[in-house]
């Protein structure tokens with residue numbers, strides 16, 4: 001029963017990420033306001049980042065014992081047993097490395113898009129995409 | 001009411017679909033094993049028994065970011081540089097106000113006093129995150145993003161003119177950012193240059209000596225573990241990210257002057 005519940009919770013996370021992806025894409029394409037598009041773009045990027053971290057996740061090897069964070073505590077170490085224990089507990093570090101740069105790059109791109117929106121407002125007096133399309137004429 | 005109905009529909013779709021998948025035996029519970037590639041990274045991130053493969057950093061994420069896949073991160077830094085610089089290019093040509101900060105600007109005295117205390121504390125935490133990035137979770141990107149919170153706080157709570165009166169001007173931020181980017185470039189070719197001078201083979205973005213190249217960045221400096229180039233990359237990335245964001249926020253939040261004057 002407990003395994004089924006754990007499975008269910010993880011599946012909810014997985015499925016809701018896909019739903020989130022669809023919703024943010026819908027908002028990105030169909031919401032007419034520039035700020036709402038930016039918000040949806042942020043949600044889209046964050047969902048993809050959570051997805052990447054989810055891919056790198058790893059179940060705790062022995063469910064009966066409480067989990068401990070995988071830290072190389074004793075370095076310099078005398079034998080390889082520390083390293084073996086570390087490798088048996090640590091999650092995949094590659095998705096985390098990709099996500100950590102993606103978050104900061106996403107923030108920088110967002111700053112650029114906000115500058116763009118600032119200029120849009122200055123030139124057209126509105127951020128509504130329908131209005132801007134009409135004004136361009 | 002309609003929003004509530006939409007929410008209920010979406011939630012029930014998620015819950016029902018998950019239940020269906022679980023009952024059908026499709027499991028998304030992660031396995032207890034990691035991929036072979038991850039094992040290779042974890043095994044060599046700090047391993048004195050493999051001196052030609054290790055990075056000498058107990059923090060494998062930073063080791064991947066700046067050593068195993070360092071060239072990727074260099075290009076990520078390029079994207080960051082271009083995003084900020086194109087934002088600034090869009091914001092140019094606008095006359096912005098430059099007032100003297102007065103006592104009536106910003107929020108109340110209580111908020112200002114609390115910010116005066118917490119601002120330096122946030123900076124200290126950011127420096128700790130950034131400069132210990134090769135030992136504990138953190139690094140230049142995260143530390144820089146944390147440090148960039150401080151100018152935003154000061155702009156909101158005092159005013160943007162208070163910052164420039166205190167010496168955090170756009171020119172200085174641009175200088176700091178350029179120092180950071182030049183430092184990243186210099187660190188990436190440091191070992192290569194040393195190899196050229198010594199006449200030994202060495203590679204761009206090399207950190208620790210490899211089997212084909214004996215040149216190595218010092219990874220213990222005066223008894224402290226610095227993991228070769230990782231510490232320097234973290235330092236310069238910290239400068240570049242924090243100053244770049246501070247620059248963008250300052251320019252974005254400075255009010256524009258009227259057309260009349």
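Please treat every number below as a calculation from the coordinates, not as lab data. These numbers were taken from a predicted model, which means no experiment stands behind them. Virtual Cβ from ideal backbone geometry, glycine too; neighbours counted across all protein chains shown.
So what's the gap between the Cα centers of the range B:89-127 and the range B:146-184, to the nearest angstrom?
Cα centroid to Cα centroid, the span is 10 Å.
At a Förster radius of 41 Å, what calculated FRET efficiency corresponds to the Cβ-Cβ distance of residue B:200 and residue B:89, to the nearest 0.05?
With R0 = 41 Å, the Cβ-Cβ based efficiency is 0.45.
Rounded to the nearest 500, what is the 222 nm mean residue ellipticity of chain A from helices alone, with -39500 (n - 2.57) per DSSP H run of 4+ residues and division by all residues?
Helices in chain A give a 222 nm mean residue ellipticity of -25000 deg cm²/dmol.
Rounding to the nearest 10 and keeping the result within 0 to 90°, find how far the Cα-based axis of helix A:34-55 lies from the longest principal axis of chain A.
Taking Cα atoms only, the helix is inclined about 20 degrees.
Can you pull the one-decimal nm distance between simple spin-label points at residue A:62 and residue A:116, each 7 Å off the Cα toward Cβ?
Roughly 5.3 nm, to one decimal.
At 7 Å along Cα-to-Cβ for each site, give me the label-to-label distance between residue B:108 and residue A:31 in nm.
Once both label points are built, they end up 3.3 nm from each other.
To the nearest µm²/s, what D does Stokes-Einstein give for the range B:146-261 at 4 °C and 1.567 mPa s, using the Kirkwood radius over alpha carbon pairs as Rh?
Result for D is 78 µm²/s.
Using only the alpha-carbon atoms, how far is helix A:93-124 inclined from the longest principal axis of chain A? Give it as 0 to 90 degrees, nearest 10.
Roughly 10 degrees, rounded to the nearest 10.
Note down the relative contact order for chain B as a percent, whole number, built from C-alpha pairs under 8 angstrom at least six residues apart.
So the answer I get is 23 percent.
On a C-alpha basis, how far is the centre of the range B:186-261 from the centre of the range A:6-70 in Å? Whole number, if you could?
32 Å
Which FRET efficiency value, to the nearest 0.05, is calculated for residue B:212 and residue A:55 with the Förster distance at 30 angstrom and r the Cβ-Cβ distance?
Values: r = 33 Å, r/R0 = 1.11.
Plugging the Cβ-Cβ distance into 1/(1 + (r/R0)^6) gives 0.35.
Do the sum for chain B: with -39,500 (n - 2.57) for every DSSP H run of n ≥ 4, divided by all residues, what is the mean residue ellipticity at 222 nm, to the nearest 500 deg cm²/dmol?
Numbers: 11 runs with 155 residues, N = 261.
Mean residue ellipticity at 222 nm (helix-derived): -19000 deg cm²/dmol.
So how much slack lies between residue A:13 and residue A:131, counting 0.36 nm per residue of separation and subtracting their Cα-Cα distance, in nm?
Between residue A:13 and residue A:131, full extension yields an extra 38.7 nm.
Rounded to the nearest 0.05, what FRET efficiency is calculated for residue B:10 and residue A:48 with R0 set to 22 Å and r the Cβ-Cβ distance? Before the final figure, lay out the partial values.
Values: r = 19 Å, r/R0 = 0.87.
Computed FRET efficiency for residue B:10 and residue A:48 comes out at 0.70.
Cα axis of helix A:2-30 to longest principal axis of chain A: angle in degrees, 0 to 90, nearest 10?
Computed tilt is about 20 degrees.
If we count other beta carbons within 10 Å of each Cβ, what is the order of B:8, A:111, B:13, fewest first?
With the fewest neighbours first, B:8, A:111, B:13 line up as B:8, B:13, A:111.
Among B:42, B:19, B:88, determine the one that fluctuates most according to a GNM of chain B built with springs between C-alpha atoms less than 10 Å apart.
The residue that fluctuates most here is B:19.
Could you work out Rg/(2.2 N^0.38 Å) for the protein assembly as shown, with Rg from alpha carbons only?
Details: Rg = 24.7 Å, N = 398, 2.2 N^0.38 = 21.4 Å.
That works out to 1.15 for the protein assembly as shown.
Other chains' Cβ within 10 Å of B:78-91 residues: what's the mean? Provide the component values of the computation, followed by the final result.
Details: counts 1, 5, 7, 1, 3, 10, 5, 2, 6, 10, 3, 2, 10, 5.
Mean partner shielding for this stretch: 5.
Assign one of three labels to chain B, namely rounded, prolate or oblate, based on the Cα gyration tensor with a ≥ b ≥ c the square roots of its eigenvalues; rounded applies when a/c is under 1.5, prolate when it is not and a/b is larger than b/c, and oblate otherwise. Provide the component values of the computation, followed by the final result.
Numbers: a/c = 2.21, a/b = 1.18, b/c = 1.87.
Here chain B falls in the oblate category.
Roughly speaking, what is the stretch gain from residue B:100 to residue B:136, that is 0.36 nm per residue apart minus the C-alpha to C-alpha distance, in nm to one decimal?
On the way: separation 36, 0.36 × 36 = 12.96 nm, distance 4.23 nm.
Result: 8.7 nm gained on full extension.
Using the number of other C-beta atoms within 10 angstrom as an exposure proxy, rank A:81, B:128 with the fewest first.
Neighbour counts put them in this order, fewest first: A:81, B:128.
For a test of the definition: using alpha carbon positions, the gyration tensor, and the 1.5 limit on a/c, classify the range B:1-49 as rounded, prolate or oblate.
It comes out oblate by the Cα gyration axes.
Among B:194, B:246, B:40, which one moves the most in a GNM of chain B with springs linking Cα atoms closer than 10 Å?
B:40
How do B:14, B:9 rank when sorted from fewest to most other Cβ atoms within 10 Å of their own Cβ?
Ascending number of Cβ neighbours within 10 Å: B:9, B:14.
Using a Gaussian network model of chain B with C-alpha springs under 10 Å, which one of B:32, B:108, B:18 is most mobile by mean-square fluctuation?
For chain B, modelled as a Gaussian network with Cα springs under 10 Å, the answer is B:18.
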